[in-house]
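Worksheet: the structure to be examined is printed underneath.
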Amino acid sequence: MKKLLLTSAIAFFGLVSAQKAVFGANAGYLAGFAKAKTPFGTSTNNDGGFYAGFFAEFNAGSKLKIEPAINYVNIDGDSALQIPIVAKYYVDPKFNLQAGPQFLFDFSDNPYPDNYNTTNIGLALGAAYEFTPKLFLEGRYSFQLNDHLKNAPSNYSVKANYLNIGLGYRF
């Protein structure tokens, strides 16, 4: 995991130094959808909250941009840091489709820290509509790829998916 984070940081700072970046801020509603599977059945828990953060946007072609971001998220009193790194493909000058990895670092208190992954890896898919060159509306859904549980038997699983819907503003 540390190697993945280090590689991501090197790639991010390489992009920053090689390209002119556009910076901005975003905030909005965050919905979390948790699902626990056991041999006894499946349990779900859905909660809402908010996210707020900053992003950098880099041109990678005439219709392609790369956007790493860092968001503070809070759902039902639990805090985390969400780091999506999405490629944005512009199908129209005002509309783009997004896809890329998303990392979530959970800061919430957990009574069983040895059994719980605090770093989650996901795949984010979304879209955005730009009202003006500076103001846009975005929606993104992320699917957790790893499991919240560490060293759990194969028939136990806990995963959380997230839906971000918010506004962004480029400085």
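Here, each number is a calculation from the coordinates, and none is a lab measurement. Note that the coordinates shown come from a computational prediction; the quantities given were computed from them, not determined experimentally. All Cβ positions, glycine included, derive from the backbone under ideal geometry; neighbour counts span all protein chains shown.
Straight Cα distances below 24 angstrom link LYS159 to the lysines LYS2, LYS3, LYS35, LYS37, LYS150, with same-chain residues fewer than 8 positions distant left out. Within the same chain, lysines fewer than 8 places from LYS134 are excluded, and of the rest, those with a Cα less than 19 Å from its Cα are LYS20, LYS63, LYS65, LYS88, LYS94.
Net charge near TYR89, counting Lys/Arg +1 and Asp/Glu -1 over other residues with Cβ under 9 Å of its Cβ? Value of the local net charge: +3.
Selection among PHE58, GLN82, SER108 by position relative to the dipole of the stretch 21-170 gives PHE58 as farthest towards the positive end (Cβ unit charges, Cα centre).
Using the rule -39500 (n - 2.57) for each DSSP H run of four or more residues, divided by the residues of the chain, the 222 nm mean residue ellipticity is -3500 deg cm²/dmol. Hey, in the GNM for the chain with a 10 angstrom Cα cutoff, which one of LEU97, LEU135, LEU30 fluctuates hardest? With Cα springs under 10 Å in the chain, the top fluctuation among LEU97, LEU135, LEU30 is at LEU135. As a proxy for reagent exposure, ranking ILE70, ILE83 by other Cβ atoms within 10 Å from fewest up yields ILE70, ILE83.
Using a Förster distance of 30 Å, how high is the FRET efficiency between SER79 and ASN59, based on the Cβ-Cβ distance and rounded to 0.05? Please report the intermediate quantities before stating the final value.
Numbers: r = 33 Å, r/R0 = 1.10.
Efficiency at R0 = 30 Å is approximately 0.35.
Size of the dipole of the stretch 73-171 about the Cα centre, Lys and Arg at +1 and Asp and Glu at -1 on the beta carbon, nothing else charged, in debye to 20? Could you put the intermediate results ahead of the total?
Numbers: 7 positive and 9 negative charges, 89 e Å.
Around 420 debye, computed over the stretch 73-171.
The modelled label-to-label distance for the pair ILE121/TYR156, using points 7 Å beyond Cα in the direction of Cβ, is 2.2 nm.
Footprinting exposure proxy ranking of THR42, THR119, fewest other C-beta atoms within 10 angstrom first, gives THR42, THR119. GNM on the chain, C-alpha springs below 10 Å: top fluctuator among PRO39, PRO93, PRO84? Comparing PRO39, PRO93, PRO84 in a Gaussian network model of the chain, the most mobile one is PRO39. Its Cα centre serving as origin, the chain has a Cβ charge dipole (Lys and Arg +1, Asp and Glu -1) of approximately 560 debye.
Normalising by the residue count of the chain, find the relative contact order in percent from Cα pairs under 8 Å and 6+ residues apart. Don't skip to the end; give the middle numbers.
Details: 422 pairs, mean separation 37.5, N = 171.
Relative CO of the chain lands at 22 percent.
Between ASP92 and ASN46, the modelled label-to-label distance comes to 2.8 nm, taking each label 7 Å out from Cα in the direction of the beta carbon.
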